[in-house]
């Protein structure tokens with residue numbers, strides 16, 4: 001589907017990561033992988049460091065830190081926010097909704113609508129679209145919080161995932177502005193991808209049993225149980241090259257733009273090899289491809305706003321820039337957005353100490 005939303009301004013973005021981090025060599029040591037193999041994996045994925053949440057830190061803690069900073073920098077009073085949308089696949093609980101928890105922690109009004117959206121790689125673009133619709137329907141201001149702590153869903157002995165996934169939480173502030181440039185979206189879904197990126201025993205379809213915690217050796221030599229994240233990298237790569245070029249062409253056509261009009265192409269930070277191959281197919285100049293993988297890894301729903309915070313914050317503080325945002329993956333689910341951002345509030349990436357990862361605030 002395609003959608004064009006008018007009169008909605010993105011006023012600011014803030015991102016937070018755990019202060020603790022692991023480089024690829026430390027990850028290899030824990031995974032029982034040789035230094036030589038670790039270097040090859042890092043060269044292919046582009047991930048040399050990941051910020052990893054301790055057991056005391058949930059997605060809500062990181063999103064809360066980002067939102068508190070953004071609200072303060074924008075001078076937004078909590079009672080001025082009419083809706084809170086939380087995009088994540090690593091919620092605090094199966095229930096209640098993480099959005100309800102964050103409504104309290106952020107001291108938002110009881111009249112604030114708050115709800116969760118369970119999407120991963122495409123989730124940030126979907127979240128922007130949903131928030132834009134709420135604002136177009138009359139809500140004054142909306143907070144979009146997107147983040148995941150996927151490192152804790154990975155087996156430490158699964159080389160297909162443990163080197164790749166990092167943790168982050170982000171906050172995006174949107175408000176009504178009749179003079180704001182259009183936001184243009186192309187969204188899609190293909191549920192045949194269900195089995196290729198999945199935690200098989202993480203919900204109610206396959207309830208966890210004591211055996212679910214037993215890690216078994218896979219034919220590829222990794223150790224994984226049915227609660228751990230499973231990823232078929234080959235199928236993810238095929239899906240990306242099959243669907244993303246089409247959706248990029250569609251959203252550019254809908255916006256009336258060409259690649260030459262773009263300041264930057266900001267994709268979901270899936271894998272460096274795949275993204276450079278994709279950019280080559282799309283004929284995106286290497287200087288316009290925004291990557292944050294080396295520092296943060298794949299942070300799921302947080303990866304696009306985190307990349308904006310890390311790679312483009314100084315640029316977006318100064319002046320408007322035309323950007324193409326592209327999220328794609330688990331589901332299969334995909335979404336692209338042609339947006340003009342800036343000047344806007346863009347604080348530096350926050351590193352949250354473990355002592356501040358507490359829901360008691």
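Could you state, as a whole-number percent, how many of the C-alpha pairs of the chain are farther apart than 37 Å?
Values: 8892 of 64980 pairs.
Of the Cα pairs, 14 percent sit more than 37 Å apart.
Counting every alpha-carbon pair across the range 1-101, the share separated by more than 24 Å comes to 48%. FRET efficiency for the residue 110 to residue 356 pair, using the beta carbon distance and R₀ = 22 Å, is estimated at 0.25.
Extension gain for residue 246 to residue 25 (0.36 nm times residue separation, less C-alpha to C-alpha distance): 75.8 nm.
If r is the Cβ-Cβ distance from residue 280 to residue 190 and R0 is 25 Å, what FRET efficiency results, to the nearest 0.05?
Between residue 280 and residue 190 the formula returns 0.60.
Normalising the Debye intensity of the range 203-361 to I(0), with uniform scatterers on Cα atoms only, and taking log10 at q = 0.10, 0.11 Å⁻¹ returns -0.49, -0.58.
Each of 231, 150, 71 was scored by other Cβ atoms within 10 Å of its Cβ. Arranged with the fewest first, they read 231, 71, 150. Here the spin labels are modelled as points 7 Å beyond Cα on the Cα-Cβ line, and at residue 238 and residue 40 they lie 2.3 nm apart. Between residue 4 and residue 258, the FRET efficiency estimated from the beta carbon spacing at R0 = 22 angstrom works out to 0.80. Put in line by how crowded their Cβ is, counting other Cβ atoms within 10 Å and starting with the fewest, 190, 148 read 190, 148.
For the peptides 18-31, 328-341, 292-305, the ranking by mean Cβ contacts within 10 Å, running from highest to lowest, is 292-305, 328-341, 18-31. Sorting 41, 13 by the number of Cβ atoms found within 10 Å of their own Cβ, with the fewest placed first, yields 41, 13. Take every pair of alpha-carbon atoms less than 8 Å apart whose residues are at least six positions apart; their mean separation over the length of the chain yields a relative contact order of 28 percent. Among 53, 319, 42, the largest mean-square fluctuation in a Gaussian network model of the chain (Cα springs under 10 Å) belongs to 319. The slack between residue 140 and residue 317, meaning 0.36 nm per residue of separation minus the straight C-alpha distance, is 61.4 nm. The sum of -39500 (n - 2.57) across all DSSP H runs of n ≥ 4, divided by the residue count of the chain, sets its helix-only mean residue ellipticity at 222 nm to -9000 deg cm²/dmol.
Readers should treat all values here as calculations from the given coordinates under stated rules, not as data from a laboratory. Just so it is clear, the model here is predicted, and its values are computed rather than measured. For neighbour counting, all protein chains shown are included, and Cβ atoms are generated from backbone atoms with ideal geometry for every residue, glycine included.
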